[in-house]
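So the structure is just underneath, and the comments pick up after that.
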Ligand SMILES: Nc1ncnc2c1ncn2[C@@H]1O[C@H](COP(=O)(O)OP(=O)(O)OP(=O)(O)O)[C@@H](O)[C@H]1O
Ligand SMILES: [Mg+2]
């Protein structure tokens, strides 16, 4: 069973054209199909310009569809004109690829409190939400709440943007290349906190990332998008066991998975495609000691 078996995101044959009818028209999506179940951690990978960001912007209604294809979020059809988009935005939190575009208040605390305030949440509760969200991303409340957003480092801006989305307690959290620009340790730390949100709070995660190591360690299932279409869809291990196919779409596999497939070509098959160093270590140890 995937997640808890309840489908929360459904995308069916989605098409999207930017600047339709102008000389600059770009057909970004030509048939994307995917589904995500509640409690899952799903990855979206694809070469640059494949359409990943366009897809995820459809999922929280930042882009609405006027072309063929369906997007259904938690049972609600996004093309329904009577749909209250604010309820969708609250359910599906999207962290943009460029977090600085997501911050608009002068102070960090105010920025994170913006969503809850708009929902009319009382002051005290709001403060607790902000404190919780900052704690979740690893920003010290007392040290950062009165900092100017423009004075933050790139990584701190990302964390602030993530906290602002978390403060709304979304059911689905979408990260669009959200760890780019954070140092390796900060990245590991943030990813494990985000993973914790899934484990402890059941938040469904959709991760777009150019880093295959990161994808391998984070997600259970992967959708590969190429030239605006879904071209592969399987468990993380199955996807990374197909390096030639991925290469056709301009993608690679994690280094440890590559080592395993090279060894297999030379006649030393590993019991599974390792996704992390820890898995490879475990398997190699077992082979050597048997
Ligand atoms: N606002 C826009 N106006 C016009 N064209 C756009 C716009 N946003 C994206 N595109 C085009 O749509 C296509 C898909 O872009 P998208 O940003 O979804 O790709 P992506 O897979 O997220 O790429 P990346 O990995 O570089 O972030 C690209 O050809 C891009 O140039
Ligand atoms: Mg993108």
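Any read-out appearing in this document is the output of simple, stated calculations on the displayed coordinates, not a laboratory observation. What you are looking at is a predicted structure, and each value in this text was computed from that prediction instead of being measured. Cβ: placed from backbone, ideal geometry, glycine included. Neighbour counts: every protein chain shown.
With viscosity 1.306 mPa s and temperature 10 °C, the Kirkwood radius over alpha carbon pairs of segment 149-250 converts through Stokes-Einstein to a diffusion coefficient of 106 µm²/s.
Each of residue 135 and residue 153 was given a label point 7 Å from its Cα along the Cα-to-Cβ line. The distance between the two points is 2.4 nm. One compactness figure for segment 229-290 is 1.18, namely its Cα radius of gyration divided by 2.2 N^0.38 Å. DSSP bridge analysis restricted to segment 132-290 gives an antiparallel fraction near 55%, rounded to the nearest 5. Multiplying the residue separation of residue 83 and residue 70 by 0.36 nm and subtracting their alpha-carbon distance yields 3.3 nm. Subtracting the Cα-Cα distance of residue 26 and residue 269 from 0.36 nm times their residue separation leaves 83.0 nm of extension gain. For segment 192-283, the Kirkwood hydrodynamic radius from C-alpha pairs, put into Stokes-Einstein at 37 °C and a viscosity of 0.692 mPa s, yields a diffusion coefficient of 232 µm² per second.
In plain terms, the chain from residue 278 to residue 259 could stretch by 5.5 nm, reckoned as 0.36 nm per residue minus the Cα-Cα distance.
Our compactness index for segment 33-127, the C-alpha radius of gyration over the empirical 2.2 N^0.38 Å, is 1.25. Calculated from the alpha-carbon coordinates, segment 40-198 shows an Rg and a Dmax of 15.9, 49 Å respectively. For segment 106-185, the calculated P(r) over all alpha carbon pairs, in 10 Å bins from 0 to the bin holding the longest distance, is 20, 53, 25, 2 percent. Considering only beta bridges that DSSP places wholly inside the chain, some 55 percent are antiparallel. Per residue, the convex hull around the alpha carbon atoms of the chain comes to 149 Å³.
With the largest listed first and rounded to whole Å, the semi-axes of the equivalent ellipsoid of segment 1-84 from the Cα gyration tensor are 24, 16, 9. Computed on the chain, with alpha-carbon pairs under 8 angstrom and 6+ residues apart, the relative contact order is 21 percent.
Treating r as the C-beta distance of residue 287 and residue 183 and R0 as 41 Å, the FRET efficiency rounds to 0.75.
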